[in-house]
Ligand code: ZN
C-alpha cells in the first residue's frame, strides 16, 4: 500500500510540475468559474468550452498548493471529450470520494482516482475539491 501511495504522490507531483491545459482562453465561448480557498491560499479559475452537450475543452489557471494545482490539471484531462452529463456525474462522484461521502465505486474516475488518499487529510479535502467545484459551476444545470 505504501508503494501505491508513492505512485499516487508521483502522479500528483508530475501534474503540479507540468500542468496540462493551463492558461485561460480569451475566447468568449468559454464559461468561467473562480473559487478561492483562503485556508490554503489556493486560487483557481476553470474554463469550459461546451458544445453539442460535450466538454470540448477545459482550461485552468491560478496558484495554490500542489494538491490544488495538480487536481486542476487532472480535472481538465479527465473531462475533455466527455459529454456534459458524464462529466457532471464524474465530478460529483469525485467530490464525494475526496470528502469521504458515499460515492459509486463503479464510476471510473480515471487518473483522478489518485486523489483518494486525500480523504485521510481533512485539511486538504478543500484543496483537492475547488477546481472540480469550479468546473461543476461551468456546466449548466440539467433541466
Ligand atoms: Zn491547498
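Bear in mind that the values in this text are calculations on the coordinates, not laboratory data. Small disclaimer: the values here were computed from a predicted structure and weren't measured. Positions of Cβ are generated from backbone atoms using ideal geometry, with glycine treated the same way; all protein chains shown enter the neighbour counts.
Structure above, values below:
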| quantity | calculated |
| --- | --- |
| Share antiparallel - DSSP beta bridges, the chain, percent rounded to 5 | 95 percent |
| Contour minus Cα-Cα distance for residue 43 and residue 66 (0.36 nm per residue) | 7.1 nm |
| Normalised contact order of the chain, rounded percent, pairs of Cα under 8 Å and 6 or more residues apart | 27 percent |
| Gyration tensor verdict on region 1-84 (Cα atoms; rounded if a/c is under 1.5, prolate if a/b is larger than b/c, oblate otherwise) | oblate |
| Neighbour-count order for 104, 3, 61, fewest beta carbons within 10 angstrom listed first | 3, 104, 61 |
| Stokes-Einstein translational diffusion, region 20-139 - Kirkwood Rh over all Cα pairs, 1.567 mPa s, 4 °C, in µm²/s | 93 µm²/s |
| Gain on full stretching of the segment that runs from residue 20 to residue 8 - 0.36 nm per residue minus C-alpha separation | 2.6 nm |
| Exposure proxy ranking, count of Cβ atoms within 10 Å, fewest first, for 43, 85 | 85, 43 |
| Selected from 71, 39, 25 as most flexible by GNM, with the chain as the system and alpha-carbon contacts under 10 Å | 39 |
| Sequence of 13, 97 once ranked by neighbouring C-beta atoms within 10 Å, starting from the fewest | 13, 97 |
